[in-house]
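A quick write-up on the structure given underneath.
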Amino acid sequence: MYDVLIIGCGIVGSAVAYELSKYQLSVGILEKYNDVANGATKANSAILHAGYDPHPGTDMARLNTLGIKLAKEICEKLDVERRECPSFVLAFSEEEMKTVQTLYERGIANGVNVRILNGDEVREIEPEISKEVVGALYSEDSAIVDPWGYAIAMAEVAVTNGVVLHRENKVRAIKKVGDIFRVSTNRDVYEARYIINAAGANAPQINAMVGDTTLQPRNLSGQYYVLDKAEGKRVNSVIFCCPNKDGKGVLVSPTVHGNMIVGPDAFEVFDSETVATDAVTLPALKPKAHRSVPGINFREIIHEYAGVRPNTQFDEFYIKELETCPHFIALAGIKSPGLSAAPAIALDAIKLLKKAGLNMTKKVNYVDSRRVVRFRKMNDEQRRALIARNPLYGRIICRCESVTEGEIVDAINRPIVPFSVDAIKRRCNTGMGRCQGGFCGPRVHEILARELGMSPIDIMMDENKTFILTGRTKEDKKK
Amino acid sequence: MSNYDKHYEVVVVGGGPAGLAAAYSACQNGAKKVLIIERDREVGGILNQCVHNGFGLHYFKEELTGPEYAGRFADMVKGTCADILVDTMVLEITPDKIVKCASQQHGYLAIKADAVVLCMGCRERTRGAIEIPGDRSAGVLTAGTAQRYVNMEGYMPGKKVVILGSGDIGLIMARRMTLEGAKVLAVVELSPYSNGLNRNIVQCLNDYDIPLYLSHTITNIVGKTRVEKVVISEVDGFTPIPGTEIEFECDTVLLSVGLIPENEISIRAGVTIDPRTRGAVVYENMQTSMEGVFASGNVVHVHDLVDFVTGESIRAGAAAAEFALGKRIGGRVIDVVTKPGVNYTVPQKIRPDNIEKSVDIFFRTNKVRGNSIIRVTSDGAKVAEFKREHMAPGEMEKITIPKVLLDRCGDSIEIVVEDA
């Protein structure tokens, strides 16, 4: 029996688990995938938005602006890669300057540092921006972040503080018996006094299990390009176009890993797991990005991905204790700027739990720090000392990203054990570079199998059934 | 206190076929302190996973497997002064030729070099780079990675296979997977011709009845977990033609869609890169734009045969040794300019004062050609002409220009390929 059971361990579930782990409560998390941060959290724009987009006075505005302040503290404490990175919203016409003016006013009302710049001022800061740009909104309050690293860090600290993570548990039904929720998954039945629904794109379906059918999911996929580090320094700011009905338009942004991303577009897909890319629509991103930044060299593309926005029919997030079901807190419809807002949403969730009657007392001792070795970020002397301390840090496994065997073994020994090659990728950046794991894939595979004591055949690329190998060769079978 | 741990006359980055030959040659040409730095656990590079034969016909005049070819050179290097660091990764080369590397056994090292030879080879182009659409299924991997799993680790990456790209590794893997009991359903090639060697088409596809779909590409990969289905379409140039789709039920897609020289260290060191080869711009002796930094093998341009990698690397190693021992080369520079029909040349720059008898120029043509003429001109005047009965992008071409002709050339020579 848990005091609180969190459904879903993406950025919102992780943030809630992290906050709740500071209290004297028994907390569990149910995650349908075999790893945390494996839904929308791993496929988005990786931006902590300044907060000039949401309408003043809304929860979204409040949570966004508070969320990015909390993110700064959390990323420092938990050693998450985050970089302050100014943002532009470009206007190509006087008509669009009106939108910029509107965003400026919203920004001021939301307490965001914003300025309106003319075209020359824009290009003075960011020379790669198109000469067609007549002006822009500019803010230095934005940042870029490693989104999955952020969620993994919070989830790991939560687990360190006693939260129990149940992976590969997809919720099938929720029954309330008296004051107790009985949550059935594909594996087991879990009991809890309170439930937090942080199921991302599936949150509407989870709400419906307890009788709230308000939300209509609208699975809006967005595709992106990732470009090589050769393009990673072309721009040093997040470059948006004026927003339209489908979102914030195609953006161009550096990533904390040193690459460039271009995207997203928007089209409705059947479900939240439909993350295929499409040959016909994807290339349309290129002219859109070139309109903002004409110099982008798309020969440097190394990867494409798609993520599904957890949109609903509402503009606002759907954050509340359900009227139809007391003690069930919905954190649903957490679309953009959900990554920015997540830690603030977690604080709201705690307020809602208290209001719903949960007795909450802070623990006397809890862990609120975390350190990660990143060889690629070190200077010569640090590297020398590190390898002298543990020679495994001298063995480079991923050539493109300079990731060492020591870092991979560290990741395997952290509180949430990674079981797949992609889970290592999300923790160490192996395979994220230009060869896309061509060289390091088999080596990471071998290290995982060795450290986990498993056969390489049982090591997955990512989710269950994503087999990398189908068997032994003839010669090896004979042996 | 010096800012380095060790000093060598010649440091060779990479212990594949290029690095082994360069180091061997450096020792033969008078260098006494030569070091090979190899990132894998043994030297030999990609040859170690190329267990098929067909290597060495030019250099050793006999047919060897990849490991045999590498083994011959490893033995030759053993008899020289060269030291070898294995399981050691070069991270950076500074402009003053300090080579920084990391190793589990040796720790973090800064090694001062009088001359450096870059022999890092190449990597495979990936799904992401060529934007193959569809699901993010497991079972999509480069042919070279699959080759490593099969030949080095003893594991099969799939049972029913579609191969995209008819580069040599793709063709070799079509045969290898078939011999291992997998079913290769198709080799799919975007171009109207194969990019591999003709002998590989015959020996790897035709002999096993594996169909080759020219002017086709993969337009969808389907499979939420593992690959379940691949859709291919005929193309008009690069554009898929609607209505020409063919579906294959398969669990694996292997990619053999091109190789890219691995020059990230070279670029950071300040070496000038030729956008056509994606390798260093080199002089006739394989020196790059940085004095004392040489390059050879697939890191300069992707070769068809390892024998030619060896030849080029022997020249690079010799030049590196000479540089380390104090030889400097001056005189005028002739730029080699590519004209229609010629995709690139190596070298891109020639110093006639450094040519004894003649210079070899390597290049690839842009399409399959019948009777052709390779024409070399300078300042509009004919320098030399070479006839070919057959030319193809999959095969490297070589022309030899005598010094006496070069001496009469202006500051550039142009090379063009025309139909005869």
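The values are calculated or read from the model by the stated rules, or taken from the named source; none is laboratory data. Everything numeric here is computed off the predicted structure, so don't read it as measured data. Note that we place each Cβ from the backbone using ideal geometry, even for glycine, and neighbour counts take in every protein chain shown.
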Identify all residues within segment A:104-128 that are within 27 Å of the chain's Cα centre (by Cα) and touching a residue at least 60 places away in the same chain (Cβ under 8 Å); write none if there are none. A:111, A:112, A:113, A:114, A:126
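Residue A:407 - would you say it is more than 9 Å from chain B (Cβ to nearest Cβ), among the acidic types (Asp, Glu), surrounded by 16 or more Cβ atoms within 10 Å (Cβ to Cβ) and in a loop (DSSP other than H, G, I, E, B)? First the steps, then the outcome.
Details: more than 9 Å from chain B (Cβ to nearest Cβ): yes; among the acidic types (Asp, Glu): yes; surrounded by 16 or more Cβ atoms within 10 Å (Cβ to Cβ): yes; in a loop (DSSP other than H, G, I, E, B): no.
Taking the combined requirement at face value, the residue does not satisfy it.
I want to confirm something. Restricting to segment B:100-149 and keeping residues that are on the phi > 0 side of the Ramachandran plot and either crowded, with 23+ Cβ neighbours inside 10 Å or in contact (Cβ under 8 Å) with a residue 24 or more places away in the chain (or both), which single residue is nearest to the other protein chains (Cβ to nearest Cβ)?
Within segment B:100-149, the subset on the phi > 0 side of the Ramachandran plot is B:107, B:121, B:131, B:134, B:139.
In the following step, the residues that additionally are either crowded, with 23+ Cβ neighbours inside 10 Å or in contact (Cβ under 8 Å) with a residue 24 or more places away in the chain (or both) were identified as B:121, B:134, B:139.
Details: B:121: 11, B:134: 5, B:139: 7 Å.
In this case the residue turns out to be B:134.
Any chance you could count how many residues in segment B:329-345 are assigned to a loop (DSSP other than H, G, I, E, B) and of a type outside the set (Gly, Ala, Ser)? Step through it out loud before you land on a result.
Within segment B:329-345, the subset assigned to a loop (DSSP other than H, G, I, E, B) is B:329-333, B:339-341.
This time we only want the ones that are of a type outside the set (Gly, Ala, Ser), so: B:329, B:332-333, B:339-340.
Matching residues across segment B:329-345 total 5.
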Among B:246, B:218, which is the only one that is more than 10 Å from every other protein chain (Cβ to nearest Cβ), out of contact with any helix residue (DSSP H, G or I) (no Cβ under 8 Å at 6 or more places or on another chain) and either surrounded by fewer than 18 Cβ atoms within 10 Å (Cβ to Cβ) or among the β-branched types (Val, Ile, Thr) (or both)? B:246
Give the residue, chosen from A:46, A:17, A:71, that is among the aliphatic types (A, V, I, L, M) and within 23 Å of residue A:219 (Cα to Cα). A:46
For segment B:168-195, what are the residues that are within 22 Å of residue B:233 (Cβ to Cβ) and part of a loop (DSSP other than H, G, I, E, B)? B:189, B:190, B:191, B:192, B:193, B:194, B:195
Note down all Cβ pairs under 9 Å where the first residue falls in segment A:372-400 and is within 23 Å of residue A:442 (Cβ to Cβ) and among the aromatic types (Phe, Trp, Tyr), the second is modelled with pLDDT of 95 or more and exposed (fewer than 15 other Cβ atoms within 10 Å of the Cβ), and they're at least six residues apart or on different chains. A:375/A:382
Whether any residue in segment A:262-282 is without any contact (Cβ under 8 Å) to a residue 12 or more places away in the chain, exposed (fewer than 15 other Cβ atoms within 10 Å of the Cβ), not in a loop (DSSP other than H, G, I, E, B) and not assigned by TED's automatic domain parsing to the domain that holds residue A:347 is what I want to check. no
Failed item, numbered, when residue A:316 is tested on (1) closer than 30 Å to residue A:212 by Cβ; (2) outside any loop (DSSP other than H, G, I, E, B); (3) more than 14 Å from chain B (Cβ to nearest Cβ): (2)
Condition set of a type outside the set (Gly, Ala, Ser) and closer than 13 Å to residue A:139 by Cα, scope segment A:67-100, selection farthest from the chain's Cα centre (by Cα): answer is A:100
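What residue, of B:78, B:32, is at pLDDT 95 or above, over 18 Å from residue B:14 (Cβ atoms), surrounded by fewer than 18 Cβ atoms within 10 Å (Cβ to Cβ) and more than 14 Å from chain A (Cβ to nearest Cβ)? I'd like the intermediate steps shown before the answer.
Values: B:78 fails: over 18 Å from residue B:14 (Cβ atoms).
Just one listed residue meets the conditions, B:32.
Name the single residue that is farthest from residue B:297 (Cα to Cα) among those in segment B:232-243 being surrounded by fewer than 17 Cβ atoms within 10 Å (Cβ to Cβ) and not aromatic (Phe, Trp, Tyr).
B:243
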For segment A:410-443: of the residues being in a loop (DSSP other than H, G, I, E, B) and touching a His at 6+ places or on another chain (Cβ under 8 Å), which is nearest to residue A:167 (Cα to Cα)? A:429
The residue that is farthest from the chain's Cα centre (by Cα), considering only those in segment B:153-189 that are in contact (Cβ under 8 Å) with a residue 60 or more places away in the chain and facing chain A (nearest Cβ under 8 Å), is B:159
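In this structure, is residue B:360 outside the structural domain of residue B:80 (by TED's automatic domain parsing), touching a Ser or Thr at 6+ places or on another chain (Cβ under 8 Å) and within 24 Å of residue B:23 (Cα to Cα)?
Judged against the criteria, residue B:360 is a match.
Residue check: is residue A:286 assigned to a strand (DSSP E or B), modelled with pLDDT of 95 or more, in contact with a helix residue (DSSP H, G or I) (Cβ under 9 Å, 6 or more places away or on another chain) and among the basic types (Lys, Arg)?
no
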Of the conditions (1) more than 23 Å from the chain's Cα centre (by Cα); (2) among the hydrophobic types (A, V, I, L, M, F, W, C); (3) within 14 Å of chain A (Cβ to nearest Cβ), residue B:91 clears all except one; give me its number. (1)
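If I filter segment A:435-479 down to residues being without any contact (Cβ under 8 Å) to a residue 60 or more places away in the chain and at positive phi, which single residue comes out as nearest to the chain's Cα centre (by Cα)? Let's see the steps before the verdict.
Taking segment A:435-479 as the starting set, the residues that turn out to be without any contact (Cβ under 8 Å) to a residue 60 or more places away in the chain are A:435, A:437-459, A:461, A:465-479.
Next, from what is left, pick out any that are at positive phi: A:437, A:453, A:465, A:471.
Values: A:437: 21, A:453: 30, A:465: 23, A:471: 34 Å.
So the residue we want is A:437.
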Kindly check whether there is at least one residue in segment B:46-65 that is of a type in the set (Gly, Ala, Ser) and free of Cβ contacts under 8 Å to residues at least 60 places away in the same chain. no
Among the numbered criteria (1) over 18 Å from the mean Cα position of the chain (by Cα); (2) in a loop (DSSP other than H, G, I, E, B); (3) farther than 28 Å from residue B:178 by Cβ, which one does residue B:301 miss? (1)
Take the residues in segment A:437-463 that are within 9 Å of chain B (Cβ to nearest Cβ), under 26 Å from residue B:129 (Cα atoms) and not small (Gly, Ala, Ser); name whichever of them is surrounded by the fewest Cβ atoms within 10 Å (Cβ to Cβ). A:446
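Does at least one position in segment A:416-424 carry a residue that is more than 8 Å from every other protein chain (Cβ to nearest Cβ), acidic (Asp, Glu) and surrounded by fewer than 23 Cβ atoms within 10 Å (Cβ to Cβ)?
At the first step, the residues of segment A:416-424 found to be more than 8 Å from every other protein chain (Cβ to nearest Cβ) are A:416-424.
Still in the running and acidic (Asp, Glu): A:422.
Narrowing the set further to residues that are surrounded by fewer than 23 Cβ atoms within 10 Å (Cβ to Cβ) leaves none.
Scanning segment A:416-424, I find no residue that is more than 8 Å from every other protein chain (Cβ to nearest Cβ), acidic (Asp, Glu) and surrounded by fewer than 23 Cβ atoms within 10 Å (Cβ to Cβ), so the answer is no.
Looking at B:110, B:115, which is the one that is within 26 Å of the chain's Cα centre (by Cα), in a strand (DSSP E or B) and more than 30 Å from residue A:274 (Cα to Cα)? Before the answer, list the steps.
Numbers: B:110 fails: within 26 Å of the chain's Cα centre (by Cα).
Exactly one of B:110, B:115 is within 26 Å of the chain's Cα centre (by Cα), in a strand (DSSP E or B) and more than 30 Å from residue A:274 (Cα to Cα), namely B:115.
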Members of segment A:446-457 found to be part of a helix (DSSP H, G or I) and out of contact with any strand residue (DSSP E or B) (no Cβ under 9 Å at 6 or more places or on another chain), listed by number: A:446, A:449, A:450, A:451, A:452
Among the residues of segment A:344-395 satisfying the criterion of being facing chain B (nearest Cβ under 9 Å) and of a type in the set (Phe, Trp, Tyr), which is farthest from the chain's Cα centre (by Cα)? A:393
Residues of segment A:458-479 being part of a helix (DSSP H, G or I) and under 19 Å from residue B:250 (Cβ atoms), which ones? none
